[in-house]
1. Taking Cα pairs under 8 Å and at least six residues apart, what relative contact order does the stretch 88-163 come out at, in percent?
2. Among residues other than Gly225 whose Cβ falls under 13 Å from its Cβ, what is the net charge (Lys/Arg +1, Asp/Glu -1)?
3. Residues with beta-carbon under 14 Å from that of Gln93, excluding Gln93: net charge, scoring Lys, Arg +1 and Asp, Glu -1?
4. Nearest 5 is fine: what % of DSSP beta bridges in the stretch 191-311 come out antiparallel, could you say?
5. List the aspartates and glutamates whose Cα lies under 15 Å from the Cα of Lys293, skipping any in the same chain that are fewer than 8 positions away.
6. Counting Lys and Arg as +1 and Asp and Glu as -1, what is the net charge of the other residues whose Cβ lies under 14 Å from the Cβ of Glu285?
7. For the pairs Lys5/Lys108; Lys145/Lys303; Lys175/Lys303, note any where the Cα-Cα span goes beyond 24 Å.
8. Please give the contour-minus-distance gain from Ala172 to Glu301: 0.36 nm per residue of separation, less the Cα-Cα distance, rounded to one decimal in nm.
Amino acid sequence: MWVTKPGTLYPDSQYVAAAGDGKTAEDSQYKARANLLGIFGIRLADESIIAEMFQQSTVGGRTNWNETVSSDRRITASAEGILAGCEITEMWQNDRGTEYYALAVMNKARTIDIYNDIIARLSQDIREALNLPNLNSIDGYRRYKFAAVLAKDIDSCINVLRYVGGSGSVPAGLKSENEYLIEANNIVRAIPVRVALVRGSQFDKEERIQKAFARALGSVGFRTGDNNSPYTLEVTLSLSEVNLSQQYKFARYEITANFIQMSTRQGVFPAYSINDREGHANYPEAEQRAIRKAEARINEEYKNELEKNLSQFN
């Protein structure tokens with residue numbers, strides 16, 4: 001029976017087929033597609049932000065840089081994505097109704113046509129994404145990261161073609177995911193960013209806050225910039241006394257950092273803001289403790305904040 005031997009219905013010479021089981025019909029179909037992915041060496045746990053592109057490719061749709069990129073549209077690579085051309089051709093339920101079985105099938109000849117088309121479309125989307133006059137920018141960095149995602153999915157498509165015997169039609173000169181990631185990192189290292197404490201410098205005489213932000217920027221690859229830098233991290237700092245106790249003095253710090261593109265005066269990333277308070281028997285020491293606490297938080301948090309923002313595609 002096809003549940004254990006799919007080749008009895010769909011010969012290996014013409015088809016790729018895999019069965020799956022589950023407690024519901026939907027689960028069995030999902031498992032069948034997952035097992036089919038496994039044949040191609042593709043893990044279902046891999047995420048792709050361009051699954052929508054694959055969906056459009058199967059129906060002849062088109063997309064572009066602005067339409068494709070969406071940081072909140074992340075779905076697992078599935079039959080609607082990597083498995084373009086996959087069909088559930090058979091379903092079976094046991095007599096007790098406790099187990100469902102499904103068969104996922106791909107026609108090899110049709111698969112070659114579909115995946116060659118997908119590779120061509122993804123390659124065109126890479127060209128569109130990188131069609132920018134100045135790639136040495138945050139936008140350029142994001143576009144190369146996006147190209148890396150596309151390249152990874154092209155590689156998955158090539159794995160499928162290789163399995164079904166159509167890899168000879170893959171165009172030459174395709175770059176790998178790693179090549180685009182290397183270029184993205186080179187772009188970051190070429191971008192100078194100035195750190196400017198635009199308000200509250202009287203509270204940061206030892207430049208603890210300013211240097212903490214500079215360290216975080218350097219840790220992700222940015223160069224230290226001067227007044228002519230294309231980007232500036234504009235930091236505001238305030239300290240104020242908070243009356244909470246007659247025995248102790250408390251100083252409250254509030255810090256905001258805005259990553260600004262100087263040519264437009266627009267924020268590139270969401271503003272980073274922190275606040276808290278520190279206490280001591282005398283207020284000057286409470287202020288110093290507040291500054292040291294803020295410095296420690298920036299050291300701990302801001303690098304991760306930068307990396308998170310850089311990973312977003314829009």
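Rule-based calculations on the coordinates, nothing more; no lab input. Everything quoted here is computed from the prediction, not taken from an experiment. Glycine also receives a Cβ, built like all others from the backbone with ideal geometry; neighbour counts cover every protein chain displayed.
1. 26
2. With Lys, Arg at +1 and Asp, Glu at -1, the neighbours total +1.
3. Charge balance in the 14 Å sphere: -4.
4. 75
5. Partners found: Asp204, Glu206, Glu207, Glu254, Asp276, Glu278, Glu285, Glu301.
6. +2
7. Values: Lys5/Lys108 18 Å; Lys145/Lys303 18 Å; Lys175/Lys303 29 Å.
Flagged as over cut-off: Lys175/Lys303.
8. Working: separation 129, 0.36 × 129 = 46.44 nm, distance 4.33 nm.
Result: 42.1 nm gained on full extension.
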